[in-house]
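Take a look at the structure set out below.
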Amino acid sequence: MSAEEASALQHKAEEQMQETELSKEPNEKESQPSSDTAAASPEADEDAFTYRSLVLCGYGGYDKVKLQVMQGMPVPKKGEVMIRVKACGLNFADLVARQGLYERLPPPPITLGMECAGVVEAVGEGVTGRKVGDKVFAVNAYGLWQEVVLTGAQYTFTMPEGISFEEAAAFPVNYMTAYLLLFKFANLQPHQSVLVHMAAGGVGTAVTQLCKLVEGVTLFGTASASKHEAIRQGGVTHPIEYQSYVDDIRKISPKGLDIVLDPLGGSDVQQGFDLLKPMGRLVTYGFANALTGPKKNRMALAKMWYNEFSIKAMALMQSNKVVCGFHLGYLYKEREVFEEVVGKLLELYKQGKIKPRVDSVHHFEQVGDAMRRMQERLNIGKVILLPEPNKEEESKDEAKKEAELKEDTAKDEEPEKEDN
Ligand SMILES: NC(=O)c1ccc[n+]([C@@H]2O[C@H](COP(=O)([O-])OP(=O)(O)OC[C@H]3O[C@@H](n4cnc5c(N)ncnc54)[C@H](OP(=O)(O)O)[C@@H]3O)[C@@H](O)[C@H]2O)c1
């Protein structure tokens, strides 16, 4: 599905959207039509169909992503499938989007979410490769943090045997990005040296696993000090701190590096370029430095743009270095690239050579906690969201209500104290 089609779909859904409180369930009248009506009209059933969706309602802090209940059965159009979503991936880009800094998205309200995994529940006309009951994962520009989604069948991929929904939801964006960065842009060869920033995160973990498949690669990775042991065990040769990475790398590798993968932006791009050996390759693919907290920081943005890397063609030629940029969001129309890359990655998964690392799992109700975990630099691997209601919280609420009711009843039954 193109971004334009996704937008049209999204707007249709938005017309049907009903905002609720986080814990509020659709009222019974909406979700359960009387048996008379249901028997009399299947349309009534379709109208009463509800599903949960995480909607970006404005730009700002964690509270801008709200759990809403949509009404009306989504019907797949030609070439589309409807997926019952079981798990979704959280990406750094979702934090960027919440702050209004992701230029690929239409303005709020929109359902966020670039990846999900689930079960095909209906297929539209002309869909040949997918059938009801297939377990798939899907990738799109947005719109996938929803209990049920409609998406073009060509943006879905069959889940391999043995993979969980959580792992499958952690797969597409991180691994496609890592694969394209290393093998299509940076042309990684045996015995080369690589620096990846944010090495403990989703993309960083995937880059680490893929580097291990190439003989003799030396991998430098920046991460918070508390994560260094974990990433060393994962395969990073030299875990290093952000504050001193240039000096630390020069001490170990005085001639510099073959490849620098930069998701930070700002002055780090220039530092990465300077760290390259002749014939080295720099790939820039993010601007994490723009995010310093839950809300937009204009100073950080200004600093980043002020320090933006720039080079004249003549200077680039004389440097004997490669500089390139990568953005998955602008590759969605390159269907054959997706096919090829996902095909290769699934093969590696089946051979046991790569495996998504899930950091933590949060229900839709806890989307703020999930985003905070990433923003506060706590995750090692992928943060996952689950559309299904949080039963534990629900039963706690029930128990609390029951206890309150008992207390009220006991108070009512207490004999009134007589005054002397
Ligand atoms: N161009 C593309 O198509 C594309 C696709 C996917 C991802 N990306 C980029 O790749 C990077 C990694 O993405 P991801 O989704 O895998 O996220 P992630 O790495 O899991 O992001 C969270 C981690 O990043 C580190 N970090 C570094 N600077 C940060 C900052 N300013 N604020 C918060 N955390 C920061 C933190 O760990 P430590 O501080 O411990 O390192 C944090 O735990 C992001 O910049 C993202 O935009 C680009």
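The values are calculated or read from the model by the stated rules, or taken from the named source; none is laboratory data. In this text the structure is predicted, and so the values were computed from the model without any measurement. Ideal geometry is used to build each Cβ from the backbone, glycine not excepted, and the neighbour counts take in all protein chains shown. Side chains are part of the model used for accessible areas, which takes the heavy atoms of the whole protein and leaves out ligands, DNA and RNA. Shrake-Rupley method; radii C 1.70, N 1.55, O 1.52, S 1.80 Å.
Brief remarks follow.
- Residues of the range 279-303 classified as more than 8 Å from the ligand (Cβ to nearest atom), in contact with a helix residue (DSSP H, G or I) (Cβ under 8 Å, 6 or more places away or on another chain), hydrophobic (A, V, I, L, M, F, W, C) and open to solvent by 50 Å² or more (accessible area, probe 1.4 Å), total: 0
- Boolean, residue 334 is without any contact (Cβ under 8 Å) to a residue 24 or more places away in the chain, within 14 Å of the ligand (Cβ to nearest atom) and more than 30 Å from residue 292 (Cβ to Cβ): yes
- Of 182, 188, all but one fail to be part of a loop (DSSP other than H, G, I, E, B), assigned by the TED database to the domain that holds residue 330 and touching a Cys at 6+ places or on another chain (Cβ under 9 Å); the exception is 188.
- Single residue of the range 173-199 satisfying the filter (under 16 Å from residue 89 (Cα atoms) and in contact (Cβ under 8 Å) with a residue 60 or more places away in the chain) that is farthest from the ligand (Cβ to nearest atom): 175
- For residue 188: the one exception among (1) open to solvent by 20 Å² or more (accessible area, probe 1.4 Å); (2) more than 16 Å from the chain's Cα centre (by Cα): (1)
- Residue count for the range 339-358 under the criterion of being open to solvent by less than 40 Å² (accessible area, probe 1.4 Å) and within 17 Å of the chain's Cα centre (by Cα): the result is 2.
- Scanning the range 246-266 for residues that are surrounded by fewer than 17 Cβ atoms within 10 Å (Cβ to Cβ) and within 15 Å of the ligand (Cβ to nearest atom) yields one hit, 248.
- Within the range 206-215, the residues that satisfy the criterion of being open to solvent by less than 20 Å² (accessible area, probe 1.4 Å) and more than 14 Å from the chain's Cα centre (by Cα) are 207, 208, 210, 211.
- Residues of the range 216-245 satisfying the condition of being of a type in the set (Ser, Thr, Tyr) and either open to solvent by less than 20 Å² (accessible area, probe 1.4 Å) or in contact with a Lys or Arg (Cβ under 8 Å, 6 or more places away or on another chain) (or both): 222, 224, 245
- Single residue of the range 121-161 satisfying the filter (open to solvent by 30 Å² or more (accessible area, probe 1.4 Å) and under 20 Å from the mean Cα position of the chain (by Cα)) that is modelled with the lowest pLDDT: 154
- Lone unmet requirement of (1) in contact with a helix residue (DSSP H, G or I) (Cβ under 9 Å, 6 or more places away or on another chain); (2) open to solvent by less than 30 Å² (accessible area, probe 1.4 Å); (3) more than 15 Å from the ligand (Cβ to nearest atom); (4) assigned to a strand (DSSP E or B) for residue 86: (2)
- When residues of the range 359-387 are limited to those that are basic (Lys, Arg) and surrounded by fewer than 23 Cβ atoms within 10 Å (Cβ to Cβ), the one farthest from the ligand (Cβ to nearest atom): 372
- Restricted to helices (runs of 4 or more DSSP H) entirely inside the range 309-420, those with at least 2 residues that are at pLDDT 95 or above are 313-319, 335-350, 367-375.
- Residue 200 meets the conditions (1) surrounded by fewer than 24 Cβ atoms within 10 Å (Cβ to Cβ); (2) closer than 22 Å to residue 232 by Cβ in every case but one. The failed one is (1).
- Residue in the range 307-316 that is of a type in the set (Asp, Glu), surrounded by fewer than 17 Cβ atoms within 10 Å (Cβ to Cβ) and within 23 Å of the chain's Cα centre (by Cα) present: no
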